[in-house]
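Can you read through this structure? Questions will come right after.
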Amino acid sequence: MSPKIRNLLLLFLALLMNACQRRQNDGQGKQTLIEGRVTNLQVYPRYRSMTLSVKDYGGGTSNYTADIKKDGSFKIRFTQYIAQDVTLEPMVGVLIAHPGDSIHIDIDFADIGNVKFSGDAEKTNTDLYQYINGNYVVNDNDDLKNFNIMLLKEYKIANDALYADLMRKRQEFINEHDPNDEFKDWTANYLRVNYINTVSEFTWRHFRYKRAKKIAQYNADSLQAYLPADDEIQKIVNSNVFYSESYDMAIHTQLPVAKKSATDNSKMTDLTITGIPQKAEQALSGSRFDSKSVHRAIEVMIASSGDDRIRQVRAGKFFEYLINNNLLKEFEENRPLFDSTINIPFIREPLLKNYAAVKENKEQPEIASAKTLGGLDTAAKAFIQPILQKHQGKVIYLYLWGTWCPPCVKELPKKSAMMERFKGKNVDFVFICMGETGQKWQEMIRQFHIEAADNYFTDVKLTNSVWKGLVRGGIPYSILINKKGVIVESGHMIMSDHKIFEQL
């Protein structure tokens with residue numbers, strides 16, 4: 001295999017990581033109905049609608065909102081391709097739905113701890129509601145509170161202890177409530193996938209950012225020791241009910257596959273983890289991928305994975321990367337490979353939907369922008385609209401980041417330099433720090449000299465709303481808004497100065 005293909009495989013992985021009881025039939029989508037009735041509406045008069053959130057493979061979340069009628073009834077229909085968890089708010093939270101299900105939910109605002117399910121998946125969702133809202137999934141491990149200064153081995157040990165404790169609590173619930181097999185499978189994956197995602201993501205960050213100068217001797221074999229075996233990933237991906245965070249797990253655990261594919265002898269002793277960010281940096285600064293190399297890299301990934309589903313889950317991430325970073329030319333040139341490779345609907349359809357949205361954003365930005373801003377939920381709209389009004393008539397560069405996100409923090413000096421270049425121009429910089437409480441956010445504003453920006457932070461709940469409405473995939477994420485208030489560019493790729501000058 002050529003070094004170019006090997007490097008491209010690993011470059012894709014680095015860029016992807018920057019973005020911080022029934023058998024699935026993998027068939028065509030079916031209409032799923034979630035309906036119910038809310039009583040004692042006067043207790044929470046601000047709640048006059050129910051919103052269903054469905055995370056999809058394409059890196060996004062589809063939100064379906066239904067007004068609560070005068071009689072308290074609500075009804076939501078959506079197309080579903082795979083049995084998985086979805087979220088209904090307010091008051092309900094996580095539930096399991098299968099394609100074609102008809103689920104009824106009774107909610108009493110005067111007794112919010114007593115949500116009742118009937119219809120399809122009644123037993124599963126009744127038990128799941130009690131489990132999620134009980135004391136069974138609470139993280140009470142004090143050892144993880146200082147994770148930012150922990151070594152990789154210490155962090156994994158602490159997470160091992162937390163995982164063991166949560167599994168013990170899960171078994172207690174099973175002994176008390178005798179749930180069905182579907183509940184057991186999903187909750188086991190729920191705990192395991194969250195553990196894998198947490199440890200895997202921290203592992204990447206540890207090797208690539210925190211200890212870069214001290215670990216030059218480490219290669220991919222060192223990193224793989226902290227990642228799960230590929231057969232475990234395959235088992236989770238093939239579960240009867242798909243846990244939605246398994247989409248992210250496909251990103252966090254691709255290195256063993258790429259490592260195995262990169263050379264004929266399955267070794268990469270010449271490649272250190274510290275070399276990846278530099279290549280990613282070069283790509284993010286504006287260089288373009290050669291479509292033939294992209295094609296070959298995807299073929300290698302397909303050939304190296306396990307069964308058909310996990311091959312498509314992993315290969316699809318390459319196409320997701322191209323779409324979410326506005327690389328439509330590269331996607332379109334590789335469309336025949338996409339069509340011949342990605343045929344499972346729950347993977348294919350969200351990617352095509354996202355592609356259509358990105359293409360519309362490029363070709364008809366006014367229409368796409370209106371859909372994006374108009375589709376924000378109540379909390380996100382109440383937060384974003386005053387910001388846009390404050391900077392009305394200006395070009396707005398909106399940067400979504402997090403203190404906990406190393407790629408985001410790494411970009412802050414560049415953002416500071418960018419603000420300096422556009423000083424005195426008709427450009428306003430707005431930075432939104434996601435999932436923060438304030439103190440660390442303020443420290444970083446001073447540390448990286450970004451005081452000139454209009455800075456905001458969002459707590460965990462508001463972060464979820466803003467993320468669902470504005471972000472495709474992960475952060476860092478930039479949005480460029482013209483003087484008319486229209487979103488003209490968005491994505492993970494660093495937008496060059498000329499894009500801003502075009503709007504002036």
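The values are calculated or read from the model by the stated rules, or taken from the named source; none is laboratory data. Keep in mind that this is a model prediction, so the values were computed, not measured. Neighbour counts are summed over all protein chains in view; Cβ atoms, including those assigned to glycine, are modelled from backbone coordinates with ideal geometry.
Which one is modelled with the lowest pLDDT among residues in the range 187-237 that are closer than 27 Å to GLN84 by Cα and not in a helix (DSSP H, G or I)?
The extreme case among them is LEU227.
Inspect all residues belonging to the range 394-403 and state whether any of them is part of a helix (DSSP H, G or I) and within 30 Å of ALA66 (Cβ to Cβ).
Looking through the range 394-403, none of the residues is part of a helix (DSSP H, G or I) and within 30 Å of ALA66 (Cβ to Cβ).
Please determine, by comparing only the residues of the range 288-341 that are closer than 24 Å to ASN361 by Cα and of a type in the set (Lys, Arg), which one is modelled with the highest pLDDT.
So, considering only residues that are closer than 24 Å to ASN361 by Cα and of a type in the set (Lys, Arg), the one modelled with the highest pLDDT is ARG335.
I've got another one for you. Output the number of residues of the range 423-436 satisfying the condition of being more than 19 Å from LYS484 (Cα to Cα) and more than 21 Å from the chain's Cα centre (by Cα).
Looking only at that region, the number is 2.
Can you tell me which residues in the range 412-436 are in a helix (DSSP H, G or I), under 17 Å from VAL395 (Cβ atoms) and of a type in the set (A, V, I, L, M)?
MET418, MET419
Within the range 63-96, track down each residue that is of a type in the set (Ser, Thr, Tyr) and closer than 23 Å to ASP108 by Cβ.
TYR64, THR65, SER73, THR87
Taking into account only those residues within the range 359-395 that are loosely packed, with under 14 Cβ neighbours inside 10 Å and aliphatic (A, V, I, L, M), which is farthest from the chain's Cα centre (by Cα)?
Residue satisfying both the conditions and the ranking: ILE367.
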